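Following: one structure in C-alpha cells, then a few remarks.
The values are calculated or read from the model by the stated rules, or taken from the named source; none is laboratory data. All values derive from a computational prediction rather than experimental measurement. Quick reminder, even Gly has a Cβ in these numbers, built from the backbone with ideal geometry, and neighbours come from all protein chains shown. Heavy atoms of the whole protein, side chains included, go into the accessibility calculation; ligands, DNA and RNA do not. Shrake-Rupley method; radii C 1.70, N 1.55, O 1.52, S 1.80 Å.
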Amino acid sequence: QVQLVESGGGLVQAGGSLRLSCESSGRAFGTYNMAWFRQAPGKKREFVATIHRSGVAIQYADSVKGRFTISRDNAKNTMYLQMNNLKPEDTALYYCAANSRLRVYSIEDGYDYWGQGTQVTVSS
C-alpha cells in the first residue's frame, strides 16, 4: 500500500505560479500510475492530470492544458504539478492519487490511493 502526501499549495494572485508536490512512501513508487484531481467548494472532485508509471502517457483536463505540467521523479518517489498562469477558477483542494493498474484514468474510480489534499487559492 502507498501513502501520499501533498504539499506546495498556497495563496497566489491571478497570473502567478505554484508547484505542487506529491511524495509517496514506500519503495514501489515507480510501479504506480499517478494523477492530480481537485475539488472546489460546492463542486465535485474533478480530474486535472495523469501520468503513467513510465512517465510517457500524460493526459490533461482541457481547462488546464497549456498552463499545467505534470511530471514525476521516480528516484525521489515524488510527482509534481507545475501550475502557471493561475486563474481564480483554479481555486480548489488539490489531491494526488495512485493506482497499480495497467493504465491511467481520468476518473476517480480509476485510483485506489489518495492523499489528504493541499489548498490552492487564486485571488483576482
Checklist entry - So which residues in the stretch 89-111 are part of a strand (DSSP E or B) and either of a type in the set (D, E, K, R) or in contact with a Phe, Trp or Tyr (Cβ under 8 Å, 6 or more places away or on another chain) (or both), if there are any at all? => result 94, 95, 96, 97, 98, 99
Next on the checklist: Out of 61, 92, 75, 35, I need the residue that is aliphatic (A, V, I, L, M) and loosely packed, with under 14 Cβ neighbours inside 10 Å. Which one?
Outcome noted: 75
Next on the checklist: Out of the residues in the stretch 95-124 meeting the condition of being among the hydroxyl-bearing types (Ser, Thr, Tyr) and farther than 21 Å from residue 65 by Cβ, tell me which one is surrounded by the most Cβ atoms within 10 Å (Cβ to Cβ).
Outcome noted: 118
Checklist outcome for this item: If you go through 42, 16, the only one that is of a type outside the set (D, E, K, R), in contact with a Leu (Cβ under 7 Å, 6 or more places away or on another chain) and assigned to a loop (DSSP other than H, G, I, E, B) is 16
Item to check | Residues within the stretch 45-71 that are without any contact (Cβ under 8 Å) to a residue 40 or more places away in the chain, farther than 21 Å from residue 117 by Cβ, of a type in the set (A, V, I, L, M, F, W, C) and not in a strand (DSSP E or B), tallied | outcome: 1
Checklist entry - assigned to a strand (DSSP E or B), open to solvent by less than 50 Å² (accessible area, probe 1.4 Å) and of a type in the set (A, V, I, L, M, F, W, C): does that describe residue 86? => result no
Checklist entry - Does the stretch 73-100 hold any residues that are out of contact with any strand residue (DSSP E or B) (no Cβ under 7 Å at 6 or more places or on another chain) and not small (Gly, Ala, Ser), and which are they? => result 73, 74, 76, 84, 85, 89
Next on the checklist: Please go through (1) of a type in the set (Gly, Ala, Ser); (2) modelled with pLDDT under 95; (3) open to solvent by 40 Å² or more (accessible area, probe 1.4 Å) for residue 66 and return the number of the only condition it doesn't satisfy.
Outcome noted: (2)
